Amino acid sequence: MRNFIQFLVKNSFVFLFLFLEVIAFALLIKNNNYQSSKFFNSSNYLVGNLYESVSNVTDYFNLKTTNSELAQHNAELLSVNINSFTKIYGNTILINDTSYFQKYVYTSAKVINNSTNQRENYITLDKGAINGIKPGMAVVNSNGIVGIVKNVSPNFSSVISLLHQKMSISGKLKKSEYFGSVIWDSDENNHRTATLKEIPNHVDIQNGDTIVTSGFSAIFPEGLPIGTVQYFDVPKGSNFYNIVIELTTDFKQLSHVYIVKSLQKEELDKLEALTQEDVN
């Protein structure tokens with residue numbers, strides 16, 4: 001402590017000089033508009049260039065994370081999401097509880113061909129049999145429903161787009177659970193709307209209501225967005241609404257999608273086939 005005090009006393013003139021220099025510089029900046037503007041402009045310029053350089057370096061490295069890598073990461077997250085699992089028994093909710101087993105697995109894929117201006121539109125993906133892709137698997141993207149896998153080769157797969165005159169998907173009103181069939185209107189010039197059929201005319205409907213997958217098949221997980229109610233009416237003499245929905249998926253901007261493998265589909269198909277045999 002004594003040495004520190006001696007050091008301060010010995011160098012007191014130096015510290016005093018530095019202190020007075022700081023005060024003089026501050027007064028110069030404060031009382032001289034020209035010097036003040038020069039100082040702050042210079043400091044802003046230096047700081048701005050520093051931020052810009054840091055931003056450029058960050059952006060450069062961020063560009064190395066490609067869309068394909070992001071899509072694959074999202075597919076992995078979707079596969080372990082709690083909505084991809086089903087509960088066997090009990091009411092306890094634990095992610096790693098053995099009372100859960102997985103229902104769906106997601107695989108990312110890139111769109112390499114896509115049509116939207118035909119009555120029967122198809123999409124080609126860069127994943128095929130070697131990736132575990134099979135006909136009948138659902139195809140979705142981050143916005144909603146895309147279609148169903150039709151054919152596969154070792155490295156590629158073709159998908160029946162939702163924009164196909166023979167495509168029908170079970171959908172429901174999210175707020176009321178009433179379900180029907182979502183069908184595209186086969187209008188080659190309209191890739192953003194479809195029709196929800198078979199909803200009774202006593203159901204409360206409002207423009208903007210959300211339409212989601214019903215989950216009544218093992219192909220599409222329940223609750224995936226399909227669209228929102230854009231317009232509705234009741235045709236004369238009908239007991240059902242005519243509901244026009246705006247699709248959440250923009251088919252003209254498809255780039256990456258997710259192929260959904262249902263781990264329960266084979267079991268469900270076998271059960272329903274046995275049931276049909278019993279009926280016949």
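The values are calculated or read from the model by the stated rules, or taken from the named source; none is laboratory data. This is a predicted model, so every value here is computed, not measured. Note: ideal-geometry Cβ built from the backbone for every residue, glycine included; neighbour counts use all protein chains shown.
Of the residues Glu177, Glu188, which single one is in contact (Cβ under 8 Å) with a residue 12 or more places away in the chain, acidic (Asp, Glu) and out of contact with any helix residue (DSSP H, G or I) (no Cβ under 6 Å at 6 or more places or on another chain)?
Glu188
I need a count of the residues in the stretch 180-208 that are over 17 Å from Thr116 (Cα atoms), surrounded by fewer than 19 Cβ atoms within 10 Å (Cβ to Cβ) and not polar (S, T, N, Q).
The total comes to 8.
If you go through the stretch 223-278 one residue at a time, how many are touching a strand residue (DSSP E or B) at 6+ places or on another chain (Cβ under 9 Å) and either hydrophobic (A, V, I, L, M, F, W, C) or without any contact (Cβ under 8 Å) to a residue 24 or more places away in the chain (or both)?
Matching residues across the stretch 223-278 total 20.
Using the structure shown, decide if Asn143 is out of contact with any Gly (no Cβ under 6 Å at 6 or more places or on another chain) and not acidic (Asp, Glu). If you could, list the steps in order and put the result at the bottom.
Values: out of contact with any Gly (no Cβ under 6 Å at 6 or more places or on another chain): yes; not acidic (Asp, Glu): yes.
Yes.
Whether any residue in the stretch 136-153 is modelled with pLDDT under 95, of a type outside the set (Gly, Ala, Ser) and over 22 Å from the mean Cα position of the chain (by Cα) is what I want to check.
No, every residue in the stretch 136-153 fails to be modelled with pLDDT under 95, of a type outside the set (Gly, Ala, Ser) and over 22 Å from the mean Cα position of the chain (by Cα).
Every residue in the stretch 227-251 that is within 16 Å of the chain's Cα centre (by Cα) and either of a type outside the set (Gly, Ala, Ser) or loosely packed, with under 11 Cβ neighbours inside 10 Å (or both), please.
Step one: of the stretch 227-251, the residues within 16 Å of the chain's Cα centre (by Cα) are 227, 247-251.
Residues satisfying the conditions are Leu247, Thr248, Thr249, Asp250, Phe251.
Just to be sure I understand, how many residues within the stretch 236-280 are in a helix (DSSP H, G or I) and not hydrophobic (A, V, I, L, M, F, W, C)?
Total meeting the criteria: 12.
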